[in-house]
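What follows is a single structure, written as structure tokens, with notes after it.
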Ligand SMILES: NC(=O)c1ccc[n+]([C@@H]2O[C@H](COP(=O)([O-])OP(=O)(O)OC[C@H]3O[C@@H](n4cnc5c(N)ncnc54)[C@H](O)[C@@H]3O)[C@@H](O)[C@H]2O)c1
């Protein structure tokens, strides 16, 4: 059993990962500045004697160095970042600070303390707009179109150098859209919030044809827990996701169905993208992760349905849960 540091551990994915690592018997220190995460997300972990929650900015390498020494950390999962891509479109410094600088800080604290094992949460946004292509990990010409994607690609590049120079063992997963219980942002979250306010009309950003793969958070966390404990040398990058995809219009339909709402008017803001910097559709080549023994456990549509089933918005109260694998 190991002493593990999870940055962004009180966020959506970080809290599920923390719960999983605790269930596997590890000790977990979660560092989060609570900009987007919350104590509430890790409520169920707080009673566990092997869990410590620390409210700090992970962008400070000295602070991380002290934590690593104090808790005898041997492995780090770096998930802290800005996950609100629309917000950073107005204020790019957020992605420099929260997405890039936290990565430098983690790598530098590892260099100073000799920790070697790292997991990094990257994203499909590093590829940029490559509609019609199947995106493989070794694709050339990566050209992010959001500040977020740029900061993640810069983070990958910095980690590659830190890994080489310091013999790190680094695993990078490029996530697609991740959804599930405890969702804090993204289209499903957005639609539920809007429909709770106005059950008659739903504003849909773009033209509704944006089509992306959605991955269920617990499927992702299972894969992280499995792959991160495999032996590796250097830095290994995997796409993780599904071959299937769901349109924004389909998500709107499934959300209305889940909430028992009929005849909702859809008000499209228009345009192919939801906002400037949004990639309207992409498809992963999953050959590499398949060859390593992983299969997506559910389709994108099943992930959306399972997420909607897990969320208990007030206007869905009393509705019967449907089989989310239909
Ligand atoms: N959810 C997705 O669809 C998705 C897709 C691709 C990649 N990712 C990546 O996965 C990771 C987790 O994303 P998430 O969806 O759980 O988002 P999230 O916002 O719920 O989690 C990120 C956490 O990091 C924390 N944080 C931000 N800046 C920090 C700082 N300076 N110091 C300490 N904590 C800080 C936030 O408070 C939050 O709790 C992120 O790195 C994100 O970029 C997510």
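No value in this document is a laboratory result; all are computed from the given coordinates. The shown structure was predicted, so the numbers you read here are calculated from the model rather than taken from an experiment. Positions of Cβ are generated from backbone atoms using ideal geometry, with glycine treated the same way; all protein chains shown enter the neighbour counts.
Peptide packing for 169-181, 6-18 was compared via the average number of neighbouring C-beta atoms within 10 Å per residue; ordered from the highest value, the list is 6-18, 169-181. The spacing between the stretch 195-259 and the stretch 1-63, judged by their C-alpha centroids, is 23 Å. Placing dummy labels 7 Å off each Cα toward the beta-carbon, the span from residue 138 to residue 243 is 2.1 nm.
For helix 12-23, report the angle its Cα long axis makes with the longest principal axis of the Cα atoms of the chain; keep it between 0 and 90° and round to the nearest 10°. Once rounded, one gets 60 degrees. Counting only alpha carbon atoms, the long axis of helix 187-197 and the longest principal axis of the chain meet at about 50°.
Give, as ranges by residue number, the residues of the stretch 100-144 whose backbone N falls under 17 Å from the point 7 Å along Cα→Cβ of residue 161. Output list for this probe position: 100-112.
Per-residue ellipticity at 222 nm from helix content only, as computed over the chain with -39500 (n - 2.57) for each DSSP H run of at least four residues, stands at -10500 deg cm²/dmol.
Counted over the chain, the DSSP beta bridges are approximately 5% antiparallel.
Each of 263, 32, 60 has some number of other Cβ atoms within 10 Å of its Cβ, and from fewest to most they run 263, 60, 32. Once you reduce the stretch 286-306 and the stretch 140-188 to the center of their Cα atoms, the two points are 19 Å from each other. Computed from Cα positions, the angle between helix 147-166 and the longest principal axis of the chain comes to roughly 20 degrees. Across the stretch 82-129, Cα-Cα pairs farther apart than 13 Å form 65% of the total. Packing, as the average of other Cβ atoms within 10 Å across residues, places the peptides 110-119, 156-165 in the order 110-119, 156-165, highest first.
Roughly speaking, what is the stretch gain from residue 66 to residue 198, that is 0.36 nm per residue apart minus the C-alpha to C-alpha distance, in nm to one decimal?
Result: 42.7 nm gained on full extension.
Net length available on complete extension from residue 233 to residue 272 is 9.9 nm, with 0.36 nm assigned per residue and the Cα-Cα distance removed.
Computed extension gain for residue 287 through residue 48, at 0.36 nm per residue and net of the alpha carbon distance, reaches 82.2 nm.
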